[in-house]
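Everything below concerns the one structure shown next.
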Amino acid sequence: MRRYIVEFIGTFFLVLTVGVAVLGQVALAPLAIGAVLMTMVYAGGHISGGHFNPAVTLAVLVRGRISREDVAGYWIAQLAGAFLAAAVAKWLVDPPAVKALSPSGRALWQAMAAEALFTFALAYVVLNVATSDDTKDNSFYGLAIGFTVAAGAFAVGGISGGAFNPAVALGAATMGLFSWAKIWLWLVATLVGGAVAGYVYKYVTAETVAA
């Protein structure tokens with residue numbers, strides 16, 4: 001239960017920051033989002049692993065560092081935190097009418113590719129800096145994870161919205177930032193990115209050990 005509470009808190013503050021920064025049209029929103037993820041990872045990483053992202057949890061499952069039973073608990077905690085944060089963000093900012101991102105045609109495939117690629121990057125970084133015995137007890141894991149999200153948000157936020165996280169995507173849809181009709185785009189792309197990262201990590205690690 002301690003791990004689930006930590007996952008709830010971390011996801012809550014991540015999605016809250018996304019909502020307040022984006023709804024409030026903060027110029028450096030990607031930096032704020034990466035920074036809060038970094039601090040939440042440092043705060044709770046030693047308890048829950050600091051996933052705050054169902055796609056990262058899926059990558060850790062593929063990697064073999066979490067049980068299927070715990071995955072369900074993590075996902076429930078993450079989604080609960082996201083939905084509550086979305087409601088709080090809307091109440092805090094009270095924005096005017098928001099136009100939901102709803103890509104179609106070529107833009108839809110571009111958005112899916114962007115989300116899958118940077119979710120892969122995020123999950124791959126998490127697996128290497130926070131689950132590998134080769135980097136055990138390092139002091140840079142939170143910084144690496146937070147800056148991966150910030151880099152992705154700066155790079156492709158204008159293409160896909162820069163979620164890289166199913167919980168963030170659902171929170172964004174709840175706030176009116178993403179179209180509910182296209183929510184599958186973010187869910188499929190991010191979960192595929194996370195799963196592929198897990199398999200790539202296992203392959204690369206096996207090759208390294210064998211060498």
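The values are calculated or read from the model by the stated rules, or taken from the named source; none is laboratory data. None of these values were measured; they are calculated from a predicted model. Note that we place each Cβ from the backbone using ideal geometry, even for glycine, and neighbour counts take in every protein chain shown. Only protein heavy atoms, including side chains, enter the accessible area calculation; ligands, DNA and RNA are left aside. Shrake-Rupley method; radii C 1.70, N 1.55, O 1.52, S 1.80 Å.
List of remarks:
- Test: residue in the range 144-164 that is over 21 Å from PRO103 (Cβ atoms) and either among the β-branched types (Val, Ile, Thr) or without any contact (Cβ under 8 Å) to a residue 12 or more places away in the chain (or both): yes
- Test: residue in the range 110-123 that is over 16 Å from the mean Cα position of the chain (by Cα) and either of a type in the set (D, E, K, R) or outside any helix (DSSP H, G or I) (or both): no
- Selection of the range 1-25 for residues being of a type in the set (A, V, I, L, M), modelled with pLDDT of 95 or more and open to solvent by 40 Å² or more (accessible area, probe 1.4 Å) yields ILE5, ILE9, VAL20, VAL22.
- Those residues of the range 73-91 which are of a type in the set (Phe, Trp, Tyr) and touching a residue at least 60 places away in the same chain (Cβ under 8 Å), in sequence order: TYR74, PHE83
- Filtered by the rule that a residue be part of a helix (DSSP H, G or I) and small (Gly, Ala, Ser), the range 124-159 gives ALA130, GLY142, ALA144, GLY146, ALA150, ALA151, GLY152, ALA153, ALA155, GLY157, GLY158.
- Residues being surrounded by fewer than 20 Cβ atoms within 10 Å (Cβ to Cβ) and touching a Pro at 6+ places or on another chain (Cβ under 9 Å) - total across the range 26-78: 2
- Scanning the range 50-72 for residues that are aliphatic (A, V, I, L, M) and more than 19 Å from MET1 (Cβ to Cβ) yields a total of 6.
- Residue within the range 8-24 that is under 19 Å from VAL126 (Cα atoms) and out of contact with any helix residue (DSSP H, G or I) (no Cβ under 6 Å at 6 or more places or on another chain) present: yes
- Here PHE164 fulfils each of the conditions (1) in contact with a Phe, Trp or Tyr (Cβ under 7 Å, 6 or more places away or on another chain); (2) over 19 Å from GLY105 (Cα atoms); (3) in a helix (DSSP H, G or I); (4) not acidic (Asp, Glu) apart from (3).
- Look at the range 97-112: where a residue is of a type outside the set (A, V, I, L, M, F, W, C) and a partner is part of a loop (DSSP other than H, G, I, E, B) and at pLDDT 95 or above, sitting 6+ places away or on another chain with Cβ atoms under 9 Å, you get LYS99/GLY176; LYS99/LEU177; SER102/SER179; PRO103/GLY161; PRO103/SER179; GLN110/PRO103.
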